[in-house]
Ligand SMILES: C[S@@+](CC[C@H](N)C(=O)[O-])C[C@H]1O[C@@H](n2cnc3c(N)ncnc32)[C@H](O)[C@@H]1O
């Protein structure tokens with residue numbers, strides 16, 4: 001199972017009951033399709049990317065599944081996310097790095113990523129979750145992954161449960177999945 005599939009598997013039950021969802025990195029639209037396709041019809045999905053081509057491709061794929069009505073696509077840099085996010089969020093996904101099939105020189109960077117992730121964490125509802133997949137193989141990826149790990153390690157333990165996975169047997173350049181869940185949501189039976 002790829003980490004992208006593991007993230008979806010973990011978030012799926014929350015997505016099914018979510019009202020406000022965020023895809024912080026539209027890319028080719030895979031995560032947007034997942035969020036829009038598995039959330040209730042009344043849910044709203046806020047989608048961000050700084051590449052117009054990413055938003056165009058995502059919009060096209062959403063339209064093919066008749067999912068555009070519930071989606072709000074925004075051309076935005078993660079540095080500006082605080083001013084563009086909805087005030088409360090149930091589920092958010094970030095898939096960092098560059099997008100295969102698009103401009104590979106457009107890569108997420110630690111400063112912008114941390115600004116975007118902080119803005120999302122501040123808005124997470126009780127029981128809400130943020131997933132982040134960080135890649136170490138590309139230029140700057142090691143630093144970005146370390147920055148995300150640092151952010152997650154500093155989450156206040158009375159407010160968040162934070163998790164991260166390591167892929168076994170793939171060496172030190174394997175990607176990592178981080179998940180933060182804001183405490184105070186309904187307790188699963
Ligand atoms: C790995 S791709 C996302 C993959 C996508 N979630 C999918 O399912 O296809 C990373 C995306 O982040 C975007 N990106 C890079 N730096 C960014 C920034 N500072 N602000 C917003 N988006 C950024 C890139 O344009 C790229 O489309």
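I need the full set of residues from segment 12-58 which are in a helix (DSSP H, G or I), within 13 Å of the ligand (Cβ to nearest atom), touching a residue at least 24 places away in the same chain (Cβ under 8 Å) and over 21 Å from residue 82 (Cα atoms), in order please.
Across segment 12-58, the qualifying residues are 30, 33, 34, 36, 37, 53, 57, 58.
Please verify whether residue 178 is under 19 Å from residue 7 (Cβ atoms) and within 15 Å of the chain's Cα centre (by Cα), treating the condition exactly as stated.
It is true that residue 178 is under 19 Å from residue 7 (Cβ atoms) and within 15 Å of the chain's Cα centre (by Cα).
Looking at segment 46-100, which of its residues are surrounded by fewer than 16 Cβ atoms within 10 Å (Cβ to Cβ) and at positive phi?
If the condition is that a residue be surrounded by fewer than 16 Cβ atoms within 10 Å (Cβ to Cβ) and at positive phi, then 66 is the only one that fits.
Considering only residues that are more than 27 Å from residue 127 (Cβ to Cβ) and touching a helix residue (DSSP H, G or I) at 6+ places or on another chain (Cβ under 9 Å), which ones fall in segment 66-79?
68, 75, 77, 79
Would you check which residues across segment 97-112 are touching a helix residue (DSSP H, G or I) at 6+ places or on another chain (Cβ under 6 Å) and within 7 Å of the ligand (Cβ to nearest atom) and list them?
Those that are touching a helix residue (DSSP H, G or I) at 6+ places or on another chain (Cβ under 6 Å) and within 7 Å of the ligand (Cβ to nearest atom): 102, 112.
For segment 135-158, indicate whether the set of residues that are in contact with a helix residue (DSSP H, G or I) (Cβ under 8 Å, 6 or more places away or on another chain), over 24 Å from residue 100 (Cβ atoms) and either part of a strand (DSSP E or B) or free of Cβ contacts under 8 Å to residues at least 12 places away in the same chain (or both) is non-empty.
The answer is no, given that none of the residues of segment 135-158 is in contact with a helix residue (DSSP H, G or I) (Cβ under 8 Å, 6 or more places away or on another chain), over 24 Å from residue 100 (Cβ atoms) and either part of a strand (DSSP E or B) or free of Cβ contacts under 8 Å to residues at least 12 places away in the same chain (or both).
Hey, could you check segment 160-187 for residues that are surrounded by 15 or more Cβ atoms within 10 Å (Cβ to Cβ) and free of Cβ contacts under 8 Å to residues at least 40 places away in the same chain and say which is nearest to the ligand (Cβ to nearest atom)?
Out of the qualifying residues, it is 174.
Given the conditions (1) at positive phi; (2) touching a strand residue (DSSP E or B) at 6+ places or on another chain (Cβ under 9 Å); (3) more than 10 Å from the ligand (Cβ to nearest atom), and given that residue 140 satisfies all but one, which numbered condition is not satisfied?
In the conditions (1) at positive phi; (2) touching a strand residue (DSSP E or B) at 6+ places or on another chain (Cβ under 9 Å); (3) more than 10 Å from the ligand (Cβ to nearest atom), residue 140 misses (2) alone.
Based on what the data block shows, is residue 123 out of contact with any helix residue (DSSP H, G or I) (no Cβ under 8 Å at 6 or more places or on another chain), buried (at least 18 other Cβ atoms within 10 Å of the Cβ) and within 26 Å of residue 9 (Cα to Cα)?
yes
Every number here is computed from the coordinates shown, using simple stated rules; none is lab data. Since we're looking at a predicted model, the values are computed, not measured. When we count neighbours, we look across all protein chains shown, and the Cβ atoms used for this are built from the backbone with ideal geometry, even at glycine.
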